[in-house]
Amino acid sequence: MTLKFYLPNFEDMVDPDYDFDGDQPSPKRKDRWAHDKFAHQFFPDEQIFDGMLISKASLSPAVEERIKRAGGVHAFTHLDSDIPVMGDCGAFTYILEEEPLYTVQQVLDYYLDLKLNYGVSLDHLAFVTIEMLEKAFEKSKIKERWWAGQTTEKIQRQRFNLTLQKAQEFWDLHARQKPGFTPIGIAQGGTPELYYEAVEKLIEIGYEYIALGGLVRSKDQDIIAILEKIQSLIQDNIQLHIFGVARLSLIPHFLRLGVTSTDSAAPLRRAFLGTGEDNYWTADSQKYAAIRVPQVKGRQGKRGVDSVQEVLKRNGRLSAESLEELEQQTLRTLRAYHQNAITLDETLRTVLAYDKLYGIERDYTAAYQRTLTDRPWQQCGCPICKEVGVEVIIFRGNNRNRRRGFHNVKIFYDQFQRVVQNPTEHEVQSGYQLQLEV
C-alpha cells in the first residue's frame, strides 16, 4: 500500500474567467458556487492529490446544504469518484473551548449527508496549556476562564480521555446505523507513550484505520519517535493517517513505519500567508517571494501593510485617484517586464516605490530582485502559469493568490510522488528538504 497525500479544502475556489487587466470577475459569474473552480479542475489531465480532506468546521450550514443538494461532495466539487474524500471535525477551530462544538451524532450525520468515503471520530486537541488559554483570554478570544482551578496536565489528560470516549461512541453509532463511509479513530497524545496507549485502545475498539492528531507543530524527530513507539501495533490490516505533516523529509520514515496517508494545507496557504519568501514553489525545490501590489479599492489594512486611509493620511498630496494610478502603473510595469519590454532595474524601482507607500515592514528588495531575475513563472509549464503568466507571481487578491496556491499544490504533489517512489535517494540528497508547516 503506497503513501497517499490528502489536500485539505477550505472552499478554495477561483473565477476561471477572471479579468486580470480590469481586476473584475467574469460577467458570467452570477453564483460563485456554480461558476468558480477548485484546484483540481485546473489540471484536467493530471492528478494533484490522492484524496481530499474536508473539515466540518470549514463549511457553513448553507454550504453543507448546497453539497447535499448536489448529491454529495464528489458531485459538488466535480471530483472523480475514484478519488476518496475524508472528513474530520476541524478541532483547531475549537481548541480554546472546554468541549468540542459538535456531538458525535452531528459528526456522523455530516459524513453521511455529504457522502464522504472516510469519517474521523470526534476529538479535542490535547496539547493546549494554561498559558495558551490565559493569553487567549487576555486577547478576548475566550469570554470566561473555564479552566479555573485546573492544571495543564489535568486538562490534557481530560482531552486525551474525551477523545477516546468519543471514538468509542462514534464506533458504536457507526456499527448501529451502518452509514456508507469507513470510520477512522483519531488519537491525541503528547508523548510517544500516550499515543501508544491511544492507538492500542482504538485498535481494541475495532478500528482498522487510525489517525494521529495534534502533531502539526511537532518536529520531525518527535513525530518519528511516536511512530517508532506505536510501530508494533500497526499490523498489515491497519491503515494510519498523520494529520497536517505532509513533509518531504518525513516520507521515507512514513514508508518505513507504516503510515498510509497524510495531509497538509501548506502548499496552498504559503501562497498568500505571512510575509515570507516562500509564496511560489518550483520543481527544483526553490521558493520565491510573490510581488506585493496592494489593492486600492475595497482594501482594509493587513498585518505589516497599512490601509489605504493610512497611506493617504501620511501622504497628504496623494489622492485616492493618484494612488490608484500608481497601483495600475505597477501592474502595467510587471506585465511589460514579463514581455521583456522593460528592464529589471526599472521594474524593481516601480514595485518598491509602491511598496514603500504602504509602509510594508520588511525590505523586499533582495527577494523581489531574485524573483524578477529568475522569472520562475516563465520556466513552469503548469496550466496555471501558462494561462495567466506574470499574474501568478503577483501577491494580490483571491484570484491571483489562490491560483498560485494551486500551482504550489501541483509542484508539491509531483515532489511527493518522486520521494515516495525513491525514498532512499531523497534521504541521501543534501539540501533537498521541504518542510511544510501549516
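The values are calculated or read from the model by the stated rules, or taken from the named source; none is laboratory data. This is a predicted model, so every value here is computed, not measured. Backbone-built Cβ (ideal geometry, glycine too); neighbour counts: all protein chains shown.
Details
- Search result, residues across the range 1-29 that are part of a loop (DSSP other than H, G, I, E, B) and of a type in the set (S, T, N, Q): THR2, ASN9, SER26
- Selection of the range 416-438 for residues being in a helix (DSSP H, G or I), at pLDDT below 95 and either β-branched (Val, Ile, Thr) or touching a strand residue (DSSP E or B) at 6+ places or on another chain (Cβ under 9 Å) (or both) yields THR424, VAL428.
- Meets criteria (within 16 Å of the chain's Cα centre (by Cα) and surrounded by fewer than 17 Cβ atoms within 10 Å (Cβ to Cβ)) for PHE10: yes
- Selection status of GLU321, of a type in the set (Asp, Glu) and modelled with pLDDT under 95: yes
- Any hit, the range 56-66, residues being assigned by TED's automatic domain parsing to the domain that holds GLY119 and acidic (Asp, Glu): yes
- The one condition from (1) in contact (Cβ under 8 Å) with a residue 12 or more places away in the chain; (2) closer than 23 Å to THR424 by Cα; (3) not basic (Lys, Arg) that ASP236 does not meet is (1).
- Where strands (runs of 3 or more DSSP E) fall wholly inside the range 191-298, the ranges with 2 or more residues that are touching a Ser or Thr at 6+ places or on another chain (Cβ under 8 Å) and at pLDDT 95 or above are 239-242.
- Residue list for the range 342-356, filter: within 31 Å of the chain's Cα centre (by Cα) and of a type outside the set (Phe, Trp, Tyr): LEU348, VAL351, LEU352, ASP355, LYS356
- Enumeration of residues in the range 394-415 that are closer than 19 Å to THR333 by Cα, modelled with pLDDT under 95 and part of a helix (DSSP H, G or I): GLY397
- Wholly within the range 68-164, helices (runs of 4 or more DSSP H) carrying at least 2 residues that are farther than 26 Å from ARG32 by Cβ: 104-113, 130-138
- When the range 30-67 is limited to residues that are assigned to a loop (DSSP other than H, G, I, E, B) and aromatic (Phe, Trp, Tyr), the one that is surrounded by the fewest Cβ atoms within 10 Å (Cβ to Cβ) turns out to be PHE43.
- GLY276 being of a type outside the set (A, V, I, L, M) and crowded, with 22+ Cβ neighbours inside 10 Å: no
- Test set (1) more than 22 Å from LEU53 (Cβ to Cβ); (2) at pLDDT below 95; (3) of a type outside the set (D, E, K, R) - GLN156 fails condition number: (2)
- When each of GLU391, GLU387, GLU346 is tested for being at pLDDT 95 or above and either more than 24 Å from PHE43 (Cβ to Cβ) or in a loop (DSSP other than H, G, I, E, B) (or both), the lone residue that passes is GLU346.
- Members of the range 330-356 that are closer than 16 Å to VAL388 by Cα and small (Gly, Ala, Ser): ALA336
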